[in-house]
1. May I ask you to list pairs of residues, at least six apart or on different chains, whose Cβ atoms are under 9 Å apart, with the first in segment 184-201 being among the acidic types (Asp, Glu) and the second being surrounded by fewer than 19 Cβ atoms within 10 Å (Cβ to Cβ) and not in a strand (DSSP E or B)?
2. Where residues in segment 14-28 are more than 13 Å from residue 65 (Cα to Cα) and either surrounded by 22 or more Cβ atoms within 10 Å (Cβ to Cβ) or touching a Cys at 6+ places or on another chain (Cβ under 6 Å) (or both), which of them is modelled with the lowest pLDDT?
3. Can you name the residue in segment 236-252 that is small (Gly, Ala, Ser) and out of contact with any strand residue (DSSP E or B) (no Cβ under 7 Å at 6 or more places or on another chain) and, of all such residues, is farthest from residue 186 (Cα to Cα)?
4. Mind checking which residues of segment 154-176 are surrounded by 12 or more Cβ atoms within 10 Å (Cβ to Cβ) and part of a helix (DSSP H, G or I)?
5. Which one of these is under 17 Å from the mean Cα position of the chain (by Cα), among the small types (Gly, Ala, Ser) and under 22 Å from residue 82 (Cα atoms): 123, 137, 130?
6. Only residues that are in contact (Cβ under 8 Å) with a residue 40 or more places away in the chain and of a type in the set (S, T, N, Q): list them for segment 107-153, please.
7. For residues in segment 64-73 being farther than 22 Å from residue 229 by Cα and either within 20 Å of the chain's Cα centre (by Cα) or free of Cβ contacts under 8 Å to residues at least 40 places away in the same chain (or both), which is surrounded by the most Cβ atoms within 10 Å (Cβ to Cβ)?
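The values are calculated or read from the model by the stated rules, or taken from the named source; none is laboratory data. This one's a predicted model, so the numbers in the text were calculated from it and none came from an experiment. Glycine also receives a Cβ, built like all others from the backbone with ideal geometry; neighbour counts cover every protein chain displayed. Heads up: the accessible areas ignore ligands, DNA and RNA and are worked out on the full protein's heavy atoms, side chains in. Shrake-Rupley method; radii C 1.70, N 1.55, O 1.52, S 1.80 Å.
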Amino acid sequence: MPRTIVRSISSRYIAGSELADATRTVRSLNARGMLATIDVLGEEITVADETEEISRAYEEVLMEIDRRHLQANVSVKPTAFGLGLDRALCLANVKRLVDFARRRDNFVRVDMEDATTTDATLGMYRELRGAGYDNLGVVLQASLKRTVADIDALADLRPSVRICKGIYVESPDIQYHDFHAVQTSFVNSLSALFDAQCYVGIATHDEWLIAEAKRLISERGLSREDYEFQMLLGVRPQLGASLVAERHRLRIYVPFGAYWYEYSLRRLQENPGIAGYIASDTMTRLIHPRRNGNS
């Protein structure tokens with residue numbers, strides 16, 4: 001797909017290529033009562049020197065959050081920190097960043113990638129928590145059949161977990177492919193996380209899942225400090241606004257960086273639901289520009 005077309009489509013879903021773009025986006029979100037998590041795009045690093053570059057980029061993000069008093073944290077992908085090259089290198093890079101964030105009273109969320117990285121990612125998370133780093137969270141994917149067992153295995157840490165459906169396509173031996181089976185797994189995973197007294201980031205744009213999450217929250221008498229909803233930048237903004245209006249905490253995932261093209265293609269190729277929403281939204285803006293503020 002031509003870069004010009006991808007840029008046009010993705011302009012609402014990626015803050016931009018520079019940190020200043022992400023800063024402006026987060027300030028706007030904060031002004032509307034929303035939190036943010038910032039992701040420096042740079043997956044599948046293949047050279048060790050590149051991990052130093054992205055580590056420094058994240059340190060700049062954390063310093064900018066501190067300087068501007070932004071209500072935001074950061075999300076990192078293990079492969080961007082060298083997991084595909086050397087686990088020890090990745091662990092050292094993540095540990096350095098988490099320590100950097102802790103000294104600024106901030107938080108790092110370690111994203112989950114494809115199934116080949118799950119064990120290594122959870123192992124690094126447990127090792128860093130064991131080293132005393134509590135300002136660290138992880139992500140679990142409800143589409144994977146192992147997730148409830150992973151929650152049980154992590155329960156002693158009372159981890160901060162983002163639960164999402166997962167966008168990576170895996171073998172049916174390890175992943176639910178049926179839409180309703182994934183929804184059921186998401187609810188079961190969320191219930192297990194609440195039972196383990198975890199702080200949960202409920203990452204979904206699925207209205208049925210949001211309703212189920214609200215039901216579980218109400219049944220358990222949870223306060224808004226016990227969980228947050230999470231959404232992607234530019235995806236279903238009206239639904240996000242309604243959550244804020246109902247006084248739920250909402251954190252928006254704000255990606256930026258030079259790898260915007262690769263990120264956009266991955267989102268479009270690996271998540272048909274998001275791709276369909278984007279296509280529909282783009283056509284609506286072209287046909288009814290005034291409905292979207294382009295007057």
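1. So the pair list comes out as 195/155; 195/220.
2. By that ranking, first place goes to 14.
3. To start, the set of residues in segment 236-252 that are small (Gly, Ala, Ser) comprises 240-242, 245.
Adding the requirement that they be out of contact with any strand residue (DSSP E or B) (no Cβ under 7 Å at 6 or more places or on another chain) leaves 241-242, 245.
Details: 241: 23, 242: 22, 245: 24 Å.
Only one residue fits best here, namely 245.
4. Of the residues in segment 154-176, the ones surrounded by 12 or more Cβ atoms within 10 Å (Cβ to Cβ) are 154-155, 157-170, 174-176.
154, 155, 157, listed by residue number.
5. On the way: 123 fails: under 17 Å from the mean Cα position of the chain (by Cα); 130 fails: under 17 Å from the mean Cα position of the chain (by Cα).
Criteria check complete, one pass: 137.
6. Across segment 107-153, the qualifying residues are 121, 143, 147.
7. Going residue by residue through segment 64-73, those that are farther than 22 Å from residue 229 by Cα are 64, 66-68.
After this cut, where a residue has to be either within 20 Å of the chain's Cα centre (by Cα) or free of Cβ contacts under 8 Å to residues at least 40 places away in the same chain (or both) as well, the list is 64, 67.
Values: 64: 17, 67: 9.
Looking at residues that are farther than 22 Å from residue 229 by Cα and either within 20 Å of the chain's Cα centre (by Cα) or free of Cβ contacts under 8 Å to residues at least 40 places away in the same chain (or both), I get 64.
To keep it simple, each residue is scored yes or no on (1) surrounded by fewer than 20 Cβ atoms within 10 Å (Cβ to Cβ); (2) more than 28 Å from residue 170 (Cα to Cα); (3) polar (S, T, N, Q).
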| position | (1), (2), (3) |
| --- | --- |
| 37 | no, no, yes |
| 53 | yes, yes, no |
| 57 | yes, yes, no |
| 80 | no, no, no |
| 89 | yes, no, no |
| 109 | no, no, no |
